[in-house]
Amino acid sequence: AGPSSSLNLPADPSAPLVPILMGSPADLPFCRKIADALKALGIESHLRIASAHKIPERLLDVIKAYDAAPNPVVYIGVAGRSNALSGMLDSATTNPVISCPPYSDAFGGTDLFSSIRMPSGVAPALVLDPGSAALFAAKMFGVTRPAIRYNVARLQEANREALYRADRESFGG
């Protein structure tokens with residue numbers, strides 16, 4: 001079956017959707033953190049494996065299938081080592097792309113260079129923390145969706161309250 005037959009789109013065609021495309025199964029635990037954060041913000045996500053280096057035709061088929069869906073889409077590309085995934089993804093869609101490569105000690109951080117420098121006309125946003133990548137996607141959807149904007153504001157308030165509480169508990173402030 002082709003990629004479009006397994007999309008399992010939300011019942012509401014106006015519901016936001018974030019396909020999280022990973023380069024290999026090794027990226028799955030990192031991608032699940034993004035998916036969990038999106039779920040907490042009220043946004044559905046799909047996890048897919050589509051390596052730009054090893055199965056580029058599959059990646060392009062998956063992108064075409066999601067781009068043909070009626071849902072508003074923001075992609076998140078997750079690939080370590082050499083991140084061709086996010087650049088190729090961005091060049092193949094008009095939808096926003098967030099690059100969120102997992103950090104690897106194996107390369108001392110130099111693997112990020114393939115996510116930082118992109119050719120002209122290729123512009124995925126780079127966000128390194130999985131929760132922050134989900135938050136950035138939510139903020140994009142929140143521009144036109146008050147319920148998601150409310151969820152973002154609620155998360156930000158909870159984050160502030162946690163810091164106020166930590167200050168009170170630690171220092172009596």
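The values are calculated or read from the model by the stated rules, or taken from the named source; none is laboratory data. Fair warning: this is a prediction, and the values are worked out from it, not measured in the lab. FYI the Cβ positions are ideal-geometry reconstructions off the backbone, even for glycines, and counts take in every protein chain you see. Accessible surface areas use protein heavy atoms only, side chains included; no ligands, DNA or RNA. Shrake-Rupley method; radii C 1.70, N 1.55, O 1.52, S 1.80 Å.
Quick notes on this one:
- With helices as the sole contributors, the chain gives -14500 deg cm²/dmol at 222 nm; each DSSP H run of n ≥ 4 counts as -39500 (n - 2.57), and the sum is divided by every residue.
- Tail beyond 26 Å, pair distance distribution of segment 32-173 (Cα, percent): 32 percent
- Computed with a 1.4 Å probe on the full set of protein chains, the accessible area for ASP12 sits at about 80 Å².
- Between helix 146-171 and the chain there is an angle of about 50 degrees, using the helix long axis and the longest principal axis of the Cα atoms.
- Farthest toward the positive end of the dipole of the chain, out of HIS46, THR110, ALA147, is the Cα of ALA147, where the dipole comes from beta carbon charges about the Cα centre.
- Cα centroids of segment 57-80 and segment 97-116: 21 Å apart.
- At R0 = 41 Å, FRET efficiency that the Cβ-Cβ distance of THR110 and ALA158 yields, to 0.05: 0.70
- At full extension, SER14 and ARG165 could sit 50.6 nm farther apart than now, given 0.36 nm per residue minus the alpha carbon distance.
- Annotation: amide H-H contacts under 5 Å for SER104 (H modelled 1.01 Å from N, sequence separation of 5 or more, or interchain): GLY109.
- Förster radius 35 Å - calculated FRET efficiency between ALA26 and SER120, Cβ distance, rounded to 0.05: 0.70
- Counting only Cβ charges, +1 for Lys and Arg and -1 for Asp and Glu, the dipole size of the chain around its Cα centre is about 120 debye.
- On Cα atoms only, tilt of 130-142 relative to the major axis of the chain in degrees: 90 degrees
- A compact globular protein would have a Cα radius of gyration near 2.2 N^0.38 Å; the ratio found for segment 1-95 is 1.01.
- When the Gaussian network model of the chain links Cα atoms closer than 10 Å, the mean-square fluctuations of LEU128, LEU163, LEU28 top out at LEU163.
- Between 0 and 90°, nearest 10: helix 28-40 axis offset from the chain longest Cα axis: 60 degrees
- If you run the Gaussian network model on the chain, springs between alpha carbon atoms under 10 Å, then out of ALA125, ALA137, ALA106 the most flexible one is ALA106.
- Overall form of segment 119-173 per C-alpha gyration tensor (a/c, 1.5; a/b vs b/c): oblate
- Rounded to whole numbers, the Karplus 3J(HN,Hα) couplings from phi for segment 41-58 are 8, x, 10, 7, 9, 10, 9, 9, 9, 7, 6, 5, 7, 9, 9, x, 5, 5 Hz, using 6.51 cos²θ - 1.76 cosθ + 1.60 with θ = phi - 60°, and x at Gly and Pro.
- Amide H to amide H distances under 5 Å link LEU126 with SER99, where only residues 5 or more positions off or on other chains count and H is placed in the peptide plane.
- Note that segment 2-122 presents 48 Å² accessible area per residue, ligands and nucleic acids not counted, probe 1.4 Å.
- Within the accessible area of the chain (1.4 Å probe), percent carbon and sulfur: 57 percent
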